[in-house]
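Every number here is computed from the coordinates shown, using simple stated rules; none is lab data. Nothing here was measured: the structure is a model prediction, and the numbers come from that model. When we count neighbours, we look across all protein chains shown, and the Cβ atoms used for this are built from the backbone with ideal geometry, even at glycine.
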Amino acid sequence: MGVSEIFETMEYGPAPESAAEAQAWLAERDGRFGHFIDGAMTQPGRGFESRNPATGAVLALITQATQADLDAAVASARRAQGDWADLGGPARARYLYTLARLLQKHARLFAVLETLDNGKPIRESRDIDVPLAQRHFYYHAGMAQLMESELPGRVPLGVCGQIIPWNFPLLMLAWKVAPALAMGNTVVLKPAEYTSLTALLFADICQQAGLPKGVVNIVTGDGTVGEMIVGADVDKIAFTGSTEVGRKIRVATAGSGKALTLELGGKSPYIVFEDADLDSAVEGLVDAIWFNQGQVCCAGSRLLVQEGIAARFYAKLRARMDGLRIGDPLDKCIDLGAIVDPVQLARIRALVDSSDGEVYQPATPCPEGCFYPPTLITGLSPVSPLMQEEIFGPVLVATTFRTPSEAVEIANNTRYGLAASVWSENINVALDIAPKLAAGVVWINGANLFDASAPFGGVRESGFGREGGWDGLLAYTREIGAQKPLTQIKAFRGAEVEPQAVDRTAKLYIGGKQTRPDGGYARTVYDAAGELIGQAPLASRKDIRNAVEAAHGAKAWAGTTAHLRAQVLYYVAENLSARSDEFAKRIDQLTGGRDGAKEVELSVNRLFTYAAWADKFEGRVTQVPMRGVAMALREPCGVIGALCPDDRPLLGLVSLMAPAIAMGNRVVLIASEAFPLIAADFYQVLDTSDVPGGVVNILTGSHVELAATLATHMDMEAVWSFSSADVSGVIEAGAAGVLKRSWVNNGLARDWLGAEGEGRAFLEASTEVKTVWVPYGV
Amino acid sequence: MPEHGPQHRQTGQGEAQPDAKNLPQTVEQRNPGIPLDLDWVMRATANRSAIERRAASLPGRRSLKKDHQAAWLARAISCIDLTTLAGDDTPGRVQRLCAKARQPVRADLLKTLGLPGLTVGAVCVYHDMIAPAVTALAGSGIPVAAVSTGFPAGLSPFHLRLAEIGESVAAGAAEIDIVISRRHVLTGNWQALYEEMQAFRAACGNAHVKAILATGELGTLQNVARASLICMMAGADFIKTSTGKEPVNATLPVTLVMLRAIRDYHDATGVRVGYKPAGGISKAKDAVTYLALIKDELGGRWLRPDLFRFGASSLLGDIERQLEHHVSGAYSAGWRHAIS
């Protein structure tokens, strides 16, 4: 077609980006790659082909790591870690800065290689993936520089095993490697089997940067290599990928003491209110679900439109879909590239073919091969499988809602909780809805906005932990402190019968009421001298069920003002203080110790501490590079179940309860197993202190028996264990079911009387960070 | 806006169609206008941040190379309103401009491209320059457009503004670029804006009317959206961004808002209204970006001079250099191309 014909048709033509440099880079290495271990590439070994999904052509041969390879990588990382941490933040900052610079200098090579390997449009790898990866290294160079001054008392975790997905190969590498290195950790990273090449190019960059050997190790291979990393002698696992694999990792690491962050799947709602700028909301969907062919964990894949505008909105959306161009990912004039692998393509096809809704696909030609057209499925209801299941392709499913509260209800009717978009021109609607959504990230009038300074991560089965910002650093540091093993505290034994002066009946405390245990059993409690001092009820799984229900009934607590929560905590402190002599004696009687008075005084003080914190543990406005604000809000987790410390029956319980309820959570506490009777005295204090029924629920009984029920309860957002019983593994494995957050002592002691008995760690554990992006402008 | 469909869809108002010879490729039904629909107007919103993101990502999403780029640049030339709006305009200056309008690109280049007859879309001048322009363009088929109604501020007496239109049409202008009263927008006097536009349209008779919104003075994108709708409801054939005299002239975000208004109006009435960005578009690359935005938002039908114009004076020079580069493979120099 000549110029004069095109002058009439005004069609777009091919605008290919050259792959020559990237192909030359591959050719220089004979298209065969080993691993990057201890600062050098290993000899290529047995492995598999890495293909260009757009053409099916083989790009390179990638080596499948053996156990020996992995052991060498972990050993190298271990050797390097001490020196790397000792180098100090400012010295590490220089390396990170160099890495950022080199990423920038080789930007186009990274972009083209990424597109060849993954199939994403060159526009995206060039304008989004690579610049965001650079930004992540720059940002964390700054974090390394500031670590010593701004994060006193935090130390690196050690060696981090990092497993990343194929949808953003370089960007996810940056999200994992930059914060880990900044905080003084070393890493063993495994890129996804489909997309190893930019990680191997990054290995080149590490060598160019003169990074000390062993600080970054990259091993390639399939999921079995991932399993090896999970089982290796590492201090932390960071995983981004499917919920299914995330759950396996949670089970595999349970009780190992390895730190874990998971960034998993999603089915993120995209809510369009009738007062939205509909054309912009349609365009937003292009960024939400047709970005990277919809292979995005936080893709806005579930469209919820207000009923009155639905027909008009769908019509606009279909028209926009007609204009999307699908084709050669290296073409600078296309919107959708190739699906990463034929396996994924088959999965998407099967899911769409199974749909009971009305399927729309534009007539635009879709190339042969590993491509799938943009797809809209309307007429679905929440019960439709495709409204629930993650498709991970360019497929948008839609339904309607009538009112804002119904929108929230449908939006939250999901096992996932990664991201959400809210479109409305009304600030009241937008800012009212955002906090109500079960999601770690909310974009007001936008979609898929990312920045190194804005925490990213999910709730529910979308995982836990945050990446980016100050909050992301928690995932790569721990509190400094000697890690001493905890000794199990046993209850005292004694004579069978010993009449009490006046019989007292200790009960469970559920929903603001003193209730007998469902099972009707109690345990006899003795003092240190073996004298009978009472009976403690033995809670069963049904009591946990009842307590969780009561806790959900007290949902209003999360919506009260922080000031009011502080007032209630002060009042508890006041009433406890008024009975301090009695409590002190009781503690001494229960524990056989002598410092009951001190424990009571510290408990009163701890209540004061969290009353003080209630209205001061603030979120942040992050410095995202746009006109707008991204607010990292702190929200209560919801219902938290906790096994309380055994050794300090009152202080231990207060140390967990106070931060949790100060932040707006409701708690189900299993009191000290060895010294349970203090619970009965303490709930009387709660009863007289205006604590609404259901906010604090206290059970007594066997930690070992109750741990699994607590951990596996699906309607609880977090579970903690500071029990002296060996239940950390049970808790973490049980929590894998719905991937709830867990915080366990791993059998290590904590000094409840000292500084580590209170503070930020407890507040962090009591809150979820939700990043709300609010771009603005008239 | 499907709910507007049936009641607004009209087929002509019995007006005599203009002399087709004086207009480029006039195949579209002229916009007859519709009754003022304030519900629709007040519902119009524009989210600046989202619109800016769309505008910013567009150049990365659409790229034209080689023959396609050359063809698109030639198309851009065919849509240029070659303009001179200066106080020191003279008949001689206008004559030179018109000669350039007839032969916008060196003949040898056009021959190589296979577009020997390429001309610009129109020549745009002040009233007193209409006559020399009409004379200079005689037989070329290139229409003369005149800015009018107290351009650029539009604050002269209303009856004089109407009279100015009549005089310009009588002098041979086939297109009239009117300026709206920005104060009607800024004070929310939509009824007044509608009536003003209707009066201007009526005064134009068979000449096509382009409504200049002066978007740089309307304060918000929402106002741009609303003023666009009002002018179309009142019968504008084109809506145009700017006089070229405001501090901010045509931008991609403003363009996006106006294109979306045009699309909604078309969806509701079946009538295609034209679009003219003016001022600030001086690079060939920018011209391609505008054309791509129009193609993607409105469709290819709008990429014709009867529905799209660039108001530009220096854009042509950059396109000429790009076309020579396309033909020769070497970067060109300004002095190799005739000035106006």
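Quick notes on this one:
- Folded to 0 to 90 degrees: helix B:66-78 orientation relative to chain B principal axis, Cα: 60
- Each eigenvalue of the Cα gyration tensor of region A:309-439, multiplied by 5 and square-rooted, gives one semi-axis; in descending order these are 29, 17, 15 Å.
- Region B:96-239 - Debye-derived log10 I(q)/I(0), Cα point model, q = 0.12, 0.20 Å⁻¹: -0.54, -1.08
- For region A:571-672, the residue among A:GLY641, A:SER603, A:SER580 whose Cα projects farthest onto the positive side of the dipole built from Cβ charges is A:GLY641.
- Around the Cα centre of chain B, unit charges on the Cβ atoms of Lys, Arg, Asp and Glu (plus for the first two, minus for the last two) sum to a dipole of about 1080 debye.
- Environment charge at A:ILE391 (Cβ cut-off 14 Å; Lys +1, Arg +1, Asp -1, Glu -1): +1
- Three-way shape call for region B:34-96 based on the alpha-carbon gyration tensor, with the a/c threshold at 1.5: oblate
- Between the helical axis of B:221-233 and the longest alpha-carbon principal axis of chain B there is an angle of about 80 degrees.
- Prolate/oblate/rounded label for region B:38-137 (Cα gyration tensor, a/c 1.5): oblate
- Using every pair of distinct Cα positions in the protein assembly as shown, the Kirkwood expression returns a hydrodynamic radius of 32.8 angstrom.
- Of all segments of chain A bounded by GluC sites (Glu not before Pro) found in a DSSP loop with no more than 12 other C-beta atoms within 10 Å, the longest spans A:1-367.
- Calculated FRET efficiency for the pair B:LYS285/A:ASP715, C-beta based, R₀ 51 Å, to 0.05: 0.35
- For region A:238-360, the fraction of C-alpha pairs more than 21 angstrom apart is 53%.
- HN-Hα J in Hz across region A:377-394 - Karplus 6.51, -1.76, 1.60, θ = phi - 60°, x for Gly and Pro: 10, 9, x, 8, 10, x, 6, 4, x, 6, 7, 10, 8, 6, 8, 6, x, x
- Partner chain coverage, peptide B:50-61 - average Cβ within 10 angstrom: 6
- Compared with the direct C-alpha span, the chain from A:SER242 to A:SER702 gains 162.1 nm at full extension, assuming 0.36 nm per residue.
- Using the Cβ-Cβ distance between B:ARG93 and B:ALA202 with R0 set to 30 Å, the FRET efficiency works out to roughly 0.40.
- Between A:GLY519 and A:SER540, the built amide H atoms are under 5 Å apart, and every one of these is 5 or more places off in sequence or on another chain.
- Annotation for region A:500-550: trypsin sites (Lys or Arg not before Pro) lying in DSSP loop with at most 15 further Cβ atoms inside 10 Å of their Cβ are A:ARG504.
- Spatially proximal aspartates and glutamates relative to A:LYS436 (Cα-Cα < 12 Å; intrachain offsets below 8 disregarded): A:GLU406, A:GLU409, A:GLU635
- Each Lys or Arg adds one and each Asp or Glu subtracts one; over the other residues with Cβ under 9 Å from the Cβ of A:TRP166, this totals -3.
- Alpha carbon centroid spacing (whole Å) that separates region A:82-109 from region B:192-216: 61
- FRET efficiency for the B:SER328 to A:ARG108 pair, using the beta carbon distance and R₀ = 45 Å, is estimated at 0.95.
- Alpha-carbon centroids, region A:217-291 and region A:354-419: separation in whole Å: 19
- Using a cut-off of 19 Å between Cα atoms, the listed pairs A:LYS616/A:LYS740; A:LYS190/A:LYS258; B:LYS66/B:LYS111 include A:LYS616/A:LYS740 as exceeding that distance.
- Under 5 Å, built H, 5+ apart or other chain: amide partners of A:ARG741: A:VAL719
- Other residues whose C-beta falls under 15 angstrom from the C-beta of B:GLY317 contribute a net charge of +3, scoring Lys and Arg +1 and Asp and Glu -1.
- About the centre of its Cα atoms, chain A shows a dipole size close to 880 debye [charges on the beta carbon of Lys, Arg (+1) and Asp, Glu (-1) only; nearest 20 debye].
- Between helix A:342-353 and chain A there is an angle of about 80 degrees, using the helix long axis and the longest principal axis of the Cα atoms.
- Sorting B:ILE230, A:ILE163 by the number of Cβ atoms found within 10 Å of their own Cβ, with the fewest placed first, yields A:ILE163, B:ILE230.
- Rounded to the nearest 20 debye, dipole of region A:508-768 from Cβ charges on Lys, Arg, Asp, Glu: 700
- Cα gyration tensor, region A:508-768 - rounded (a/c under 1.5), prolate or oblate: prolate
- Residues whose amide H falls under 5 Å from that of A:SER421, counting only those 5 or more places apart or on a different chain, are A:TYR270, A:ILE271, A:TRP443, with hydrogens built in the peptide plane.
- Ranked for footprinting exposure by Cβ neighbours inside 10 Å, fewest first, B:PHE158, A:PHE456, A:PHE110 give B:PHE158, A:PHE456, A:PHE110.
- Calculated P(r) tail over 38 Å for chain B, as whole % of Cα pairs: 11
- Backbone geometry of region A:639-646 corresponds, through the Karplus equation with coefficients 6.51, -1.76 and 1.60 at θ = phi - 60°, to 3J(HN,Hα) couplings of 9, 10, x, 9, 8, 7, x, 7 Hz, x marking Gly and Pro.
- Look at the stretch A:13-20: the mean tally of other chain Cβ atoms within 10 Å of its residues' Cβ atoms is 3.
- At full extension, A:ARG32 and A:ARG347 could sit 110.4 nm farther apart than now, given 0.36 nm per residue minus the alpha carbon distance.
- Converting phi to 3J(HN,Hα) with the Karplus coefficients 6.51, -1.76 and 1.60 and the offset θ = phi - 60°, region A:168-175 yields 9, x, 6, 5, 5, 4, 4, 4 Hz in sequence order, with x at every glycine or proline.
- Bridge orientation summary for the protein assembly as shown: considering DSSP beta bridges with both residues in this region, about 30 percent are antiparallel.
- Amide N proximity, region B:181-223 versus B:ALA153 label position 7 Å along Cα-to-Cβ, cut-off under 13 Å: B:182-183
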